[in-house]
1. Counting just the residues of region 122-143 that are of a type in the set (Lys, Arg) and modelled with pLDDT under 85, which one comes out farthest from residue 164 (Cα to Cα)?
2. Working only within region 8-52, note down all residues that are within 40 Å of the chain's Cα centre (by Cα) and not in a helix (DSSP H, G or I).
3. Give the residues of region 133-154 that are surrounded by 14 or more Cβ atoms within 10 Å (Cβ to Cβ) and in a loop (DSSP other than H, G, I, E, B), sorted by residue number.
4. For region 100-121, enumerate the residues that are assigned to a helix (DSSP H, G or I) and either aliphatic (A, V, I, L, M) or at pLDDT 90 or above (or both).
5. Which residue, of 94, 108, is under 18 Å from residue 70 (Cβ atoms), surrounded by 14 or more Cβ atoms within 10 Å (Cβ to Cβ) and of a type outside the set (Val, Ile, Thr)?
6. Can you name every residue in region 35-62 that is more than 30 Å from residue 82 (Cα to Cα), surrounded by 12 or more Cβ atoms within 10 Å (Cβ to Cβ) and touching a Phe, Trp or Tyr at 6+ places or on another chain (Cβ under 7 Å)?
7. Anything in region 1-18 that is acidic (Asp, Glu) and at pLDDT below 75? List them, or say none.
8. Which count do you get for residues in region 67-92 that are part of a loop (DSSP other than H, G, I, E, B), under 18 Å from residue 104 (Cβ atoms) and of a type in the set (Ser, Thr, Tyr)?
Amino acid sequence: MTDDRAFPWARTYDTEQLAAFIEDLWGAASGDSDLDTLDAIEKVIADHRPDEPMTCPLSDLEIEVLASLANGHTRLGAARKASLSEDSVRALLARLYLRLGVQNLTHAVTTALHYGWLPVEKLNIPKPIVVHRMSPQAWKLHYCDRSQKLRERPGEFVTIGPYFSYDGVRRAADRIRKGLIDDFRPAGAFEAVPFTEGGLWSIRARYVGTPSTNAERAAS
């Protein structure tokens, strides 16, 4: 059945929006019976009418590939998921960028999300990890606890951290190996290797026993 109402879109407005639209219409129609009044009414309607949604220029396959890349897959991973070759995905992206008028993947994803062409439900959005930074005293207690666990389980790896940057975890691992942190003396008694998981840096460490004489000398 055809909707013959002049302003079907106005029926979706809330009370305040509808009142503003009707008030503006009355104001525009209060003029003389001439073309200027008609122009004023048409302008009010044009100002209040919602923008028409833009037609999606992307195919279902292009949206599928874009969603895969937005979810963190590599081009090769996106290609395998869509049963394509990596070269096909590369060519598909070149056409997609040209059609959207963008220069890179980030801009393509942003544009597609803005216009609703890339549905949010296609994205695997992880829950952010909230980690509170530890005070110096908290770090001291943490190191004491970790070193005790390591000594109780020689040769077994224990995680230390997390840290907030590669530089921070690298320096901490180096200090642990050199025995520059009290709880990890003498030097050479602990192995410590940085690793990352879930966007955070940590140290994988283990107690390897009595160090060499040179290592003991370096820690003193």
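1. Ranking the candidates gives 127 first.
2. 13, 14, 49, 50, 51, 52
3. Hit for region 133-154 is 134, nothing else.
4. The answer is 100, 105, 106, 107, 108, 109, 110, 111, 112, 113, 120.
5. Unique residue meeting the criteria: 108.
6. 48, 49
7. If the condition is that a residue be acidic (Asp, Glu) and at pLDDT below 75, then 3, 4 are the ones that fit.
8. Qualifying residue count for the region: 1.
The values are calculated or read from the model by the stated rules, or taken from the named source; none is laboratory data. Quick caveat, the model's predicted, so the values are computed rather than measured. Every residue, glycine as well, gets a Cβ built from its backbone with ideal geometry; the counts of neighbours run over all protein chains shown.
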